[in-house]
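Input: a single structure, listed below in structure tokens.
Just so it is clear, none of the values below were taken in a lab; they were calculated from the coordinates. Quantities reported herein were computed from a predicted structural model and do not represent experimental measurements. With ideal geometry, Cβ positions are generated from the backbone for all residues, glycine too; neighbour counts draw on all protein chains shown.
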Amino acid sequence: MSKHFSALMALPVLACSALANAAPALYATGPAEDSAFIRFVNASPAPLEVVAQPGQAPLRLETAQPVSLLFPVDSSKPVKGTLVSGGQKLPIDLKIEPSEFVTVFAVPDGAGIQQAVVREPENDFNALKASLAFFNVDASCADAALLAAGRNAELFKSVPVNTAQRRLINPVQLSVQLVCANANVGAALDLGQLKAGERYSVMLVPSANGPRLLHATDTLSH
């Protein structure tokens, strides 16, 4: 069961922690003041499993639904686990700061995968605006930028690899266009009608056919 993350942003952190504990979690959560969040993105061409704790059923991310929910974690303890793709295993060992949002990507690397980690600090919440982020984990896209398609309005400019930028925008119908080295790349991506108070992410990832975009509504697991 999940709930749109934005609806929880207006609640006290204690309430958020209580909701997160209402159902089995990928990781144990700690005191409310230590809460942080982690999610996983499978940008590879094969299914990915995230093994968080020994004996626990893995989180499986298929290529058709590659972005996980946001999982609350206890920032006072290291977040450990394993990314499994085919016969390859990559260890996860992260220190996450209180209120930090961490996205762990599995990106193609030859015949296997490699791990990319992008960190977001806590951002301002505005119930009248939509929150949109642009993640870049593709080093092949120079001066990665994102435009509002059809309007040539620049949403994000020159986002460095393995980083993200986030901004508040009006809740409108939106399609976005990827730009690498001042040239449009691929077709525009339709994000649909953005809603006030919601958080959204557009993710630039590598592929065998060149840079591509994924998108997700940031949704909290509880």
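Apply 1/(1 + (r/R0)^6) to the Cβ-Cβ distance of GLN115 and ALA208, taking R0 = 22 Å, and write down the FRET efficiency to the nearest 0.05.
So the FRET efficiency works out to roughly 0.75.
Using +1 at the Cβ of each Lys and Arg and -1 at the Cβ of each Asp and Glu in the chain, identify which of ASN136, ASN182, VAL172 lies farthest towards the dipole's positive end.
Farthest towards the positive end: VAL172.
Per Stokes-Einstein, at 25 °C and 0.890 mPa s, what whole-number D in µm² s⁻¹ belongs to the stretch 2-221, with the Kirkwood radius over Cα pairs as the hydrodynamic radius?
137
Would you mind ranking ASP218, ASP74 so that the residue whose beta carbon has the fewest other beta carbons within 10 Å leads the list?
ASP74, ASP218
Enter the per residue convex hull volume of the stretch 166-222, computed from alpha-carbon coordinates, in Å³ rounded to the nearest integer.
Per residue, the Cα convex hull of the stretch 166-222 comes to 114 Å³.
Quick one: compute the contact order of the chain, relative version, from alpha carbon pairs under 8 angstrom and 6+ residues apart, as a percent.
Dividing the mean separation by the residue count of the chain yields 22 percent.
May I ask for the net charge around SER175, where only other residues with Cβ less than 13 Å from the Cβ of SER175 are counted and Lys, Arg are +1 while Asp, Glu are -1?
The answer is 0.
Under 5 Å between amide hydrogens, which residues at least 5 positions from ASP138 or on another chain qualify, with H placed 1.01 Å from N in the peptide plane?
Here ASN162 satisfy the definition.
Suppose each label sits 7 Å from its Cα in the direction of the beta carbon; what would the ASN182-ILE169 distance come out to in nanometres?
Here the answer is 2.3 nm between the modelled labels.
Taking the Cβ-Cβ separation of GLU97 and ASN126 as r and a Förster radius of 22 Å, what is the calculated FRET efficiency to the nearest 0.05?
0.45
Run lengths n ≥ 4 of DSSP H only: what is the helix-derived mean residue ellipticity at 222 nm for the chain, with -39500 (n - 2.57) per run over all residues, to the nearest 500?
-1500 deg cm²/dmol, from helical runs alone.
Could you count how many Lys pairs in the stretch 2-221 have their Cα atoms under 24 Å apart, skipping same-chain pairs fewer than 8 positions apart?
9
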